[in-house]
1. When a/c is below 1.5 the answer is rounded, else prolate if a/b is larger than b/c, else oblate, so apply that to segment 142-274 with a ≥ b ≥ c taken from the square roots of the Cα gyration tensor eigenvalues.
2. For the chain, build the charge dipole from Cβ charges (+1 Lys, Arg; -1 Asp, Glu) around the Cα centre, then report which of G508, L590, T126 sits farthest towards its positive end.
3. If amide hydrogens are placed 1.01 Å from N in the peptide plane, which non-local residues have theirs closer than 5 Å to the one on G421?
4. Within 10 Å of each candidate Cβ there may be at most 16 other Cβ atoms; applying that plus a DSSP loop requirement, which trypsin sites (Lys or Arg not before Pro) in segment 119-155 survive?
5. With contacts defined as alpha carbon pairs under 8 Å and 6 or more residues apart, what's the relative contact order of the chain in percent?
6. Could you grab the relative contact order for segment 275-392? Cα pairs under 8 Å, six or more apart, rounded to a whole percent.
7. Need one number: % antiparallel among DSSP beta bridges in the chain, to the nearest 5.
8. Please list 3J(HN,Hα) in residue order for segment 490-498, calculated via the Karplus relation 6.51 cos²θ - 1.76 cosθ + 1.60 where θ = phi - 60°; whole Hz, with x for glycine and proline.
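Readers should treat all values here as calculations from the given coordinates under stated rules, not as data from a laboratory. A quick note: this is a predicted structure, and the numbers were derived from the prediction, not measured. Cβ coordinates were reconstructed from backbone atoms using ideal geometry, including for glycine residues, and neighbour counts include every protein chain displayed.
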Amino acid sequence: MIGDSNKPKITIRHLLTHTSGLAAGLRRDYEWSGYKNGIVMAAGEPSQGKAGFDYRYSDLNFILLGEIVARVSGMPLQDYCRQEIFLPLGMKETSYLPDPKLKGRIAPTTLLADGSLLRGIVHDPTARRMGGVAGHAGLFSSTDDLARFARVLLNGGGGVLKPETIRLMTSVQSPANIDSRRGLGFDIDSPYSSLRGELYPKGSFGHTGWTGTSMWIDRASESFVIFLSNRNHPFGGNVLALRSKLGTLAAKATGFNFSTVTETLPKVVPKSPKSPNVLNGIDVLERDQFAALKGMRVGLITNQTGINKRRITTIDLLHCSDKVDLKLLFGPEHGIRGTLDEKVEDGVDDKTKLPVVSLYAGEDRRKPKAEHLAEIDALVFDMQDIGTRFYTFISTMGLAMEAAADAGLKFVVLDRVNPIGANKVAGPMRDGDPTFTSFHQVPLQHGMTIGEIARLYQKEHCPKLKLTVIPVENWRRGMRFDETGLPWIKPSPNMPNLAAATLYPGLGLLEFTNVSVGRGTKFPFEVFGASYIDEEVFARKLSAAQLPGLAFVPVRFTPTASKFAKEECGGARIILKDPANCPSVELGILLAQTLRELYPKKWEIKKLNTLLRHPKTETAIKSLKPRKEIVNSWETGLEKFTPRRSGVLLYR
């Protein structure tokens, strides 16, 4: 798998032992359906940990394993299981998608919103959307069949499994550093093992099911306990304590002397993942004992992303240092804590009691005023940019640089990595006068760090400015944020993760038009749509373009805020299959072209140029020019930008 820095490291064993680092399941904030769409989304879900170092029970692991079985065998999962496992073992009552004739023997699991019972249909919502067949859920069985399967595991495989395969499945296969021990699929000793009860030894094994089902098997006593309950119907419940008691009672009923069984689990050997020692500018400044600011009275432009590797804020570091006199704070768009989406007012920081001057309280307040700078010697800038021209933090920095130059102050940029990589330059140059969302004459995706942008702007517009950039250390231009080991903090309220940041240059480009870019959902800048869009037609059209590194799943969603708030929208969930090669800006052009072609009367193109700032591209989209022709038309501008950019770069 690809998609982030963790996925290429995932093995089959990681999936089987729930140590892949994948998320627990699919995030849910929209409606979708289809087996293939489920696989695409499972493979595209961002990792939440590191393979081999984090235990997290994950449905995604087994969704993907089920697809692997289907691909390797060349058969649908349900057919392979029936032909190779159930029929040879005589498990006649076990299957996916049970015969409707068996409905009377199947326990209902829950009441649906319309008052009907869910019965004979898989309870798990993801498996249900995938058509009832998935690697993690959807199998129906009986106690007789499960008892037959348990005996096969105790008695050598029944001609279906080799004894050595059973030994692998039922012995610890988790990495030695993981203290939650699992076999290949089976639980052995983890937070889910309470059904073992008080007597069964730690070498025993089994599994649980969400609806209250469980099975536990012990080789020493040659016994097993199967419990098919339904904790969901009708109003939910908890069977953890009951499972444990049943496990104890079953073990007692065997009459076996469990004191003769010694624990056979291998010892846990702690081990930490190797993490690159990337240092942002604030980490370097702190390590060097604030030498660049020693003895200075300082003003600080920052927000919640201004932190060091230990998540201590730049505000606190400067405020507590005896080398620096931090006098006041400046709050950009979203404020110094990054929680505001509207106008930001002046105030006082609750923690430090320092005055906070707003740089986002109106167009005439975006630039620090002379009276704010009169009592300081240096203006420091520390915020996480995301590598896109219309993300306004670089505009705030540019205006502050002008103010510092006018006041004769030192301007210090604490550089930070470009999270989406700094070796990709894409999109048109600005064609027109500067605006707050198009402040610098750079491409839409500029491929620079904020410190390099500062060097460019000083060179071209503020040559008298006394600029110091504290550089990032141990970072390469091609590294994305998830390869740095640095903590991710939302740069703004609707930038929750690296996937959103990667797609932002494309989706954000269109958000002044009448579309939803996912604001007011759990997937800002990962879903895209509008009330007038037919999701099936739209996603199919996007998929046909075959943009590298991307997949499109038709979805319906209802934003709670921003465009189309509380209106159901059709559209697409955009899956990052290969973020490093994702053509984000070209994606924005594809979305615009598709809207123009499918919904010429409903999509309002008139505000597209607000962030695009390139009338020729806007005209080409209106005229439905080929996408590649549009992309190629930017080359002349990018060629002229190359030497300007090269002259200020700090990193290889």
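1. In terms of gyration-tensor shape, rounded.
2. Towards the positive end, the residue furthest out is T126.
3. Those lying under 5 Å, H to H, from G421 are F481.
4. R119
5. Relative contact order here is 10 percent.
6. In percent, rounded to a whole number, it is 29.
7. Antiparallel bridges make up about 65 percent of those DSSP assigns within the chain.
8. Listing the rounded values in order: 3, x, 8, x, 10, 10, x, 7, 5 Hz.
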